[in-house]
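What follows is a single structure, written as structure tokens, with notes after it.
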Amino acid sequence: MTTIPTYDAIRAIAARLVQQRYPTAVAAVIGGSFATGRQTPTSDIDLLLLFEHVDYAWRDTIVAEGRTVELFAHDMATFTYFCKEMDAPGGTVPLARMVLEGENIVAPAAQYAQLLALAQAIDGAGPPVLDVENLRRRRYAVTTALEDLVDSTHPGEALAVACQLYEALADLRLRAAGQWSGGGKHLFRRLQAFDAAIAGQLDGALRLVAGDLPAGQQAFAQVAAAVLAPVGGPLLDGFFLPAPAHWRSAPA
């Protein structure tokens, strides 16, 4: 695949797939790169299928007309559960974002209106607030990772730590500000949309670690200080983390 397919071409593939294989779907939402205009020649099709009822939610990867399709099948109850109980506690709502950003290619029905309203409500509510203990753990994790990075002289080890630190700092910047986070490329996109300055600093710092380690170490120290300052700053001395008392094996 060398050319980027048009949205209309992708929509036609998805529509034929739904009609032929999932005719009982009451909604079929194209999300992902094609919904946001970020598609590449090899982008897959993300397709959320909503049914009146499923015995269980499922995910499947198939190939339709030469194009990889990622399927996410739900009814309203499983969609609600996945969003509220599985994704939201971790600060992300990928299914809800798929609905909000995507297009329903099945004839409009009451179920789709309910799905859209639910996705809007979930997204609008924002992620769970980070409590004091959660913030302390995150501050400590960032502080120790930064120490590892600054102390590192091995380029491979430093890059591995820098990748870990990038994710921790980006997620902390978003969550501490009451913003939804994301994973992988979606983490960068969410941060770029919310705080372009910090996104640019993190991106630049990571690139520097790969090419100029001392400069990268300094850049990460600067952006870490900026992210940590609003939540209490670095944390090492005094961080105490007791394990639950029942975390012990029974006597032999």
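The values are calculated or read from the model by the stated rules, or taken from the named source; none is laboratory data. None of these values were measured; they are calculated from a predicted model. Cβ: placed from backbone, ideal geometry, glycine included. Neighbour counts: every protein chain shown. Note: areas computed on protein heavy atoms with side chains; ligands, DNA, RNA excluded. Shrake-Rupley method; radii C 1.70, N 1.55, O 1.52, S 1.80 Å.
From the list Val132, Val93, pick out the single residue that is in contact with a Cys (Cβ under 7 Å, 6 or more places away or on another chain) and of a type in the set (A, V, I, L, M). Let's see the steps before the verdict.
On the way: Val132 fails: in contact with a Cys (Cβ under 7 Å, 6 or more places away or on another chain).
The match here is Val93.
The set of residues in the stretch 24-33 that are open to solvent by less than 80 Å² (accessible area, probe 1.4 Å) and under 16 Å from Leu49 (Cα atoms) comprises Ala25, Val26, Ala27, Ala28, Val29, Ile30, Gly31, Gly32.
Determine if the stretch 2-23 includes at least one residue that is within 27 Å of Gly126 (Cα to Cα), open to solvent by less than 20 Å² (accessible area, probe 1.4 Å), at pLDDT 95 or above and not small (Gly, Ala, Ser). No, the stretch 2-23 contains no residue that is within 27 Å of Gly126 (Cα to Cα), open to solvent by less than 20 Å² (accessible area, probe 1.4 Å), at pLDDT 95 or above and not small (Gly, Ala, Ser). Per the conditions (1) open to solvent by 20 Å² or more (accessible area, probe 1.4 Å); (2) part of a helix (DSSP H, G or I), the sole criterion not satisfied by Val129 is (2).
Every residue, every condition in (1) over 18 Å from Lys185 (Cα atoms); (2) at pLDDT below 95; (3) surrounded by 14 or more Cβ atoms within 10 Å (Cβ to Cβ), yes or no:
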| residue | (1), (2), (3) |
| --- | --- |
| Thr36 | no, yes, no |
| Tyr56 | yes, no, no |
| Asp87 | no, no, yes |
| Val93 | no, no, yes |
| Ala96 | no, no, yes |
| Gly124 | yes, no, no |
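Of these, Ala125, Ala110, Ala119, Ala145, which one is closer than 30 Å to Phe239 by Cβ and among the small types (Gly, Ala, Ser)? Please lay out each step first, then the result.
Details: Ala125 fails: closer than 30 Å to Phe239 by Cβ; Ala110 fails: closer than 30 Å to Phe239 by Cβ; Ala119 fails: closer than 30 Å to Phe239 by Cβ.
The unique qualifying residue is Ala145.
Return yes when Ala119 is among the aliphatic types (A, V, I, L, M), more than 28 Å from Ala221 (Cβ to Cβ), in contact (Cβ under 8 Å) with a residue 12 or more places away in the chain and open to solvent by less than 30 Å² (accessible area, probe 1.4 Å) and no when it is not. Talk me through it step by step, then tell me what you get.
Working: among the aliphatic types (A, V, I, L, M): yes; more than 28 Å from Ala221 (Cβ to Cβ): yes; in contact (Cβ under 8 Å) with a residue 12 or more places away in the chain: yes; open to solvent by less than 30 Å² (accessible area, probe 1.4 Å): yes.
Judged against the criteria, Ala119 is a match.
Taken over the stretch 1-31, the criterion of being in contact with a helix residue (DSSP H, G or I) (Cβ under 7 Å, 6 or more places away or on another chain) and in contact (Cβ under 8 Å) with a residue 60 or more places away in the chain is satisfied by Ala25, Val26, Ala27, Ala28, Val29, Ile30, Gly31.
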